[in-house]
Structures are given as structure tokens and as C-alpha cells.
Amino acid sequence: MDSMILLYIIKLIIGGVISFSAIMIMSKTRALEWMLIVSGFLISYIALVLNMCFYFNILADIFPRIAGISLFTILEMLLPAICFVAGFIVKFTKKNI
């Protein structure tokens, strides 16, 4: 078995467990900071699935390129981080005392 296939299988299983847990947290907690953090995990799992589809040529990478880098790759790295940072900023600026 190709090592890349095995790596994708492991990532999909672990990512699936994390995404399921994130959805369970989202259904129990309606706080904005948790919604943003969970959104970051879900976006990163969606990016993993799309990367796998690109790797196995199930989908074609039709995204425009910026300086030779696919726009999808840029968004894949930035969107989860933006959600995490926004969630932590909301959490730290919230006054719960």
C-alpha cells in the first residue's frame, strides 16, 4: 500500500472523530467562541477531503493561482487559522465575571 494512501486514511479517521466531536460540542454550546473554533476544525476537515480528491484526481484543481500557489491552498491554510484566532479573541475579550 502506498504510504500516501495510508496517511490519508489515518488523517480521515482522526479528522472524522474530531469533526464528530466538534459537531457534538457545537450542538451543546451556543457560545460564539466555540462556534468559531468548531468551524475551524470543520473547515480543516473539508480541506483534507478536498486535498484527497485532488491527489487521487477525483476533482480537478480549477482554482486560480496567485504567485504559483493555488487559491485553494491559500484558503485551506488561512480559513481555519482565522476561525481559531477569532474564537480566541472573542473568548479573551468576553467579560464573564
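The values are calculated or read from the model by the stated rules, or taken from the named source; none is laboratory data. Keep in mind that this is a model prediction, so the values were computed, not measured. Here the Cβ positions follow ideal geometry from the backbone for every residue, glycine too, while neighbour counts run over all protein chains shown. What goes into the accessible areas is simple: the full protein's heavy atoms, side chains included, and nothing from ligands, DNA or RNA. Shrake-Rupley method; radii C 1.70, N 1.55, O 1.52, S 1.80 Å.
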How large is ³J(HN,Hα), in whole Hz, for each residue of the stretch 25-41 in order, when computed from phi with the Karplus curve 6.51 cos²θ - 1.76 cosθ + 1.60 and θ = phi - 60°, using x for Gly and Pro?
5, 5, 6, 8, 10, 10, 6, 4, 5, 6, 4, 5, 5, 5, 4, x, 5
Tell me which lysines have Cα within less than 18 Å of Lys28's Cα, excluding those fewer than 8 residues away on the same chain?
Lys91
What accessible area per residue, rounded to a whole number of Å², is obtained for the chain using a probe radius of 1.4 Å?
71 Å²
Starting from the 7 Å offset along Cα-to-Cβ, what nm value, one decimal, do you get for the label separation of Ala31 and Phe56?
3.8 nm
In square angstrom, rounded to the nearest 10, how much accessible surface does Asp61 have for a 1.4 Å probe?
70 Å²
If the cut-off is a Cα-Cα distance under 17 Å, which aspartates and glutamates reach Lys11, setting aside same-chain residues fewer than 8 apart in sequence?
Asp2, Glu76
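Given a 1.4 angstrom probe, I'd like the percentage of the accessible area of the chain that is carbon and sulfur, rounded to a whole number.
Numbers: 5250 of 6920 Å².
Using a 1.4 Å probe with all protein chains present, the chain comes out at 76 percent carbon and sulfur.
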